[in-house]
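Below is one structure, written out as structure tokens; comments come after it.
What follows is calculated from the coordinates using simple rules that are stated; it is not laboratory data. Predicted, not measured: the structure shown is a model, and the values here were computed from it. So basically every Cβ, Gly included, is an ideal-geometry build from the backbone, and we count neighbours across all protein chains shown.
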Amino acid sequence: MNLDDLADLAAKYRNEAQEPEIEVRVCMAASCQSSGAVPVLDALRAGCGDKPEGNCKVKGVGCMGLCSAGPLIAVAPPAAPLEEAVIYRDVTAEDAPEILASAFPGSTPVERLRCPTDMPFFSRQHKIVLENAGIVDPNSFRGYVMAGGYAAMVQALSEMPPQDVINEVTTSGLRGRGGGGYPTGLKWSTVAKMPAGQKYVICNADEGDPGAFMDRAILESDPHRVLEGMAIAAYAIGANKGYVYVRAEYPLAVERLKTAIRKAKRAGFLGNHICETQFNFDVEIRLGAGAFVCGEETALMASVEGGRGQPRPRPPYPAEYGLWGSPTLINNVETYANIAPIITNGGAWLAGIGTEKSKGTKVFALAGTIVNTGLIEVDMGTRLRDIIFDIGGGIPNGKGFKAVQTGGPSGGCVPEAHLDLPVDYDSLKTLGTMMGSGGMIVMDETSNMVDVARFFMEFCMDESCGKCIPCRTGTQQMHGLLDKIARTEASRTDLELLEELCEVVQATSLCGLGQTAPNPVLSTLRYFRQEYEQQLG
Amino acid sequence: MPLPAPRTNVRVVTLNINGQDLSAREDETVIELCRENKIPIPSLCWMDGLSVVGACRLCVVEIAGSPRLQAACSTRVREGMVVQTSTDRLRRYRRILVELLFAERNHVCSVCVSNGHCELQWLAQTCGVDHVRMPYRGVGYSLDSSHEMFRVDHNRCVLCTRCVRVCDEIEGAHTWDVMGRGSGCQVVTDLAKPWGDSGSCTSCGKCVQVCPTGALVKQGTSVGEMVKDQQFLSILARRRSNR
């Protein structure tokens, strides 16, 4: 199969589907479902059948981003982007007849439910990873192909030798979106250089940071995009087997991924002889049992193998000695979701977006005390102030901004004074925090920073696997000391001991979880030391 | 830890540890070389003849050019490597790590069967732990005396997993394993059944001998009477590698 054949296939699907004049898209991602999207979808479906005046179709789609306003509905011509749609917010099943009556061009939209699409939340985003989210039906293989899906995979398989694929990814300057920011092209070429034989591709979807839901949204909105990225990676490095490691707390993402794998296999886009080539690639899902540490690559592999999810010393790195001892490529969900557009548009295209050392866009999950809670995708290098106050809409209830936590329990907080910093991997590091997977928790002036540090330390303490001493016992002691400070019973000696423990745990822990566990304490101490001192007994 | 098996045609490298020039086989780790040359590095989980887990972090060393500290047990020697094993910083870190261990569970030497023959006690002495600055957690752990020959006291366990590895790798029974996470971690026999009911335990006692503290001991021992014999392991390991 080549690109022309794929275009024919998409055209055939389009013919068979008889595209409607207008689409009513209902967000069926987890957050909108939890605020009642299912009855809305049912009511719309029931009401749509008896519409005489035109051809209209109701479909469930993935995340539109503005989770705080869910359930969200978009009314638009087929394949039209979100900005051109009429978006309704906080919709209930009772609103369905009114929405359907005003769906067709020429009629007036229901103003009382309308969510303006010219607000910065929509207009300032740049969607690459999420370009299909909220537009295609995540359960539809045909929908994905009609939206231009699998073109990158077909192009790679039919026109590009594996080395060219790796070159494009290297040129793009893409860095791992899971947190570390390791250059993706370099990782791929390392695994590709290992002697031929059994190799594996793993997609890390064990998203465990509190307040982070980027991977969940991507998997729930566009699972085929991730599978396509994995298949391209497998082709580039010479692997024939892939695993998606998803946490079991994401049942909807797992369900959609399962459907996507089944449908792609049936259509010959996964499995043996993919698209009539000699390339074989099979994907299986592995469920995580709720351990944060299993997001660490060596612990993740141990868990996939069926062992106890504990990290091991590196080197050897997975690229050399991975799953069952074979060379293994592990990337994050968002990294794989970036691959297809890189192949289609060329690496240089992505390299033109973002900052000098961080290319492309980044998906962030906005959470905490912020008006527009939800999922956004912006260029690397966007200022934090723009993300929080423009796109995020600022702090609700007239409160003042205090800090934003990035990178979850491994990251740190950024205070007001540094909000004008362009966000990329390196700039955040200079502030003592990190990009992490992209969770942003905004805190208003009422937040107590000692409590914030204590919360994250409690998380790390509970999630420590217990293997190495500094992480297992150090986090306990640090949590105890933070607790003591919060109870205003601590002395200056306790604060000094806390700082010393931070240093030891950071320097000696076995894996990233332990090494970064003190970061929330260190960063709150750096910017809000007076709060600690005020609470000393 | 999945290090490749030793090869027959290994190269020899030279490196520098604490200012001392040394030669080593390419497949050796830093801790093996240090032990060979009587360079002291404290360690707890590492044991000659067992696989490497790199869990206790006591053997961390500074390597020139490496931004992070590396555990000597899981770091292979390299040509031209410059290693420091005992800087002020390392000594300070090690002392805190040992203090953390003492504060974690209930290590009361004066009433312990291993008093005077305990590796944790010895580590505390060599690392200069004259007192513990952290509060003792004071959480009580259980004791399993159901086995007719041996006893496990989780209050004295440091979770080095030597017992788990010797049982799996040397005896081949895999009676021991670890359950839980964080402070809830505990070594268990079979699926957390009483040791005496274990169907897989061969009562060989290797776990008791390799245990660094008084956590695994023989029944009928009193304070200070539990002396352990770990000679067997290096003999077994040598015999295996000679084959």
The Kirkwood hydrodynamic radius of region A:449-534, taken as the inverse of the mean 1/r over all distinct Cα pairs, in Å, comes to 12.4
When the convex hull of the C-alpha atoms of region B:91-229 is computed, what volume per residue in Å³ does it have?
-> 112
By the mean-Cβ-within-10 Å protection proxy, highest first, A:342-353, B:23-34 rank as B:23-34, A:342-353
Of all the Cα-Cα pairs you can form in region B:28-155, what percent are over 22 Å apart?
-> 45
Report, in degrees rounded to the nearest 10, the 0 to 90 angle that the Cα long axis of helix B:231-242 makes with the longest principal axis of chain B.
-> 50
Rounded to the nearest 10 degrees, what's the angle between the helix B:88-104 long axis and the longest principal axis of chain B, both from Cα atoms, 0 to 90?
-> 10
Give the span of region A:184-246's Cα atoms along each principal axis, as three whole-Å numbers ordered largest to smallest.
-> 40, 22, 18
With no solvent and one point on each alpha carbon, what is the Debye value of log10 I(q)/I(0) for region A:314-363 at q = 0.20 Å⁻¹?
-> -0.78
DSSP-defined beta bridges in region A:18-116 - what % are antiparallel, rounded to 5 = 60
Inter-chain Cβ neighbour average for residues A:459-471, partner chain, 10 Å = 6
Of A:LYS12/A:LYS127; A:LYS187/A:LYS359; A:LYS187/A:LYS241, which sit over 24 Å apart, Cα to Cα?
-> A:LYS12/A:LYS127
Please state the charge dipole magnitude for region B:12-86, taken about the Cα centre, from unit charges on C-beta atoms (+1 on K and R, -1 on D and E), reported in debye and rounded to the nearest 20.
-> 240
Net charge dipole size for region B:91-229 [Lys, Arg +1 and Asp, Glu -1 on Cβ; Debye, nearest 20] = 660
If unit charges are put on Cβ atoms (+1 for Lys and Arg, -1 for Asp and Glu) and the dipole of region A:15-85 is taken about its Cα centre, the option from A:MET64, A:SER34, A:VAL24 lying farthest towards the positive end turns out to be A:SER34
Counted charge near A:LEU497, where neighbours are those whose Cβ lies closer than 12 Å (Asp, Glu -1; Lys, Arg +1) = -3
Per the Kirkwood definition applied to all pairs of different Cα atoms, how many angstroms is the hydrodynamic radius of region A:18-116?
-> 13.1
Per the Cauchy relation, a quarter of the hull surface: what is the mean projected area of the convex hull of the alpha carbons in region B:12-86, in nm²?
-> 4.5
Please report, in cubic angstrom per residue, the volume enclosed by the convex hull of the alpha-carbon atoms of region A:149-351.
-> 108
Each label sits 7 Å from Cα toward the beta-carbon; between A:SER123 and B:SER234 the label points are separated, in nm, by 7.6
Can you work out the base-10 log of I(q)/I(0) for region A:224-336 at q = 0.15, 0.20 1/Å, using the Debye formula on its C-alpha atoms alone?
-> -0.67, -1.13
Scale the Cα Rg of chain B by the rule-of-thumb value 2.2 N^0.38 Å and send over the ratio, two decimals.
-> 1.05
For region A:212-290, the Cα-Cα pair-distance distribution in 5 Å bins from 0, as whole percents, is 3, 16, 27, 25, 16, 9, 3, 1
Using only C-alpha atoms and all pairs of different ones, pull out the Kirkwood radius for region A:76-228 in Å with one decimal.
-> 19.0
Taking every DSSP bridge whose two residues both lie in the protein assembly as shown, the antiparallel percent to the nearest 5 is 60
Any chance you could list P(r) for region B:163-243, counting all Cα-Cα pairs in 10 angstrom bins from zero, rounded to whole %?
-> 17, 44, 32, 7, 0
Alpha-carbon gyration tensor eigenvalues x 5, square-rooted, for region A:327-437, Å = 27, 15, 14
Over region A:89-155, volume per residue of the alpha carbon convex hull, in Å³ = 148
Provide the gained length on full extension for the span B:HIS174 to B:GLU79, in nm with one decimal, where the gain is 0.36 nm per separating residue minus the Cα-Cα distance.
-> 30.4 nm
Taking the Cα atoms of region A:386-479 alone, what are Rg (to one decimal) and Dmax (as a whole number) in Å?
-> 14.8, 46
Debye calc, one equal point scatterer per Cα of region A:435-497, no solvent, log10 I(q)/I(0) at q = 0.12, 0.14, 0.16 1/Å comes to -0.37, -0.49, -0.63
Top positive-direction residue, dipole computed over chain A with Cβ charges, set A:GLY47, A:ALA264, A:ASN397 | A:ALA264
Semi-axes of region A:213-256 from the Cα gyration tensor (sqrt of 5 times each eigenvalue, largest first, whole Å) come to 22, 11, 8
Which distance in Å, rounded to a whole number, links the C-alpha centroids of region A:251-285 and region B:67-114?
-> 48
Quick one: how many lysine pairs does chain B have with C-alpha atoms less than 21 Å apart and a gap of 8 or more or different chains? Give me the count, please.
-> 5
Measuring from its Cα centre, region A:71-175 shows a charge dipole (+1 at each Lys and Arg Cβ, -1 at each Asp and Glu Cβ) which, in debye to the nearest 20, is 160
Taking the Cα atoms of the protein assembly as shown, report the difference between the largest and smallest coordinate on each principal axis, in whole Å and largest first.
-> 94, 65, 53
Any chance you could check the Cα centroid distance between region B:149-214 and region A:376-454 for me, in angstrom?
-> 46
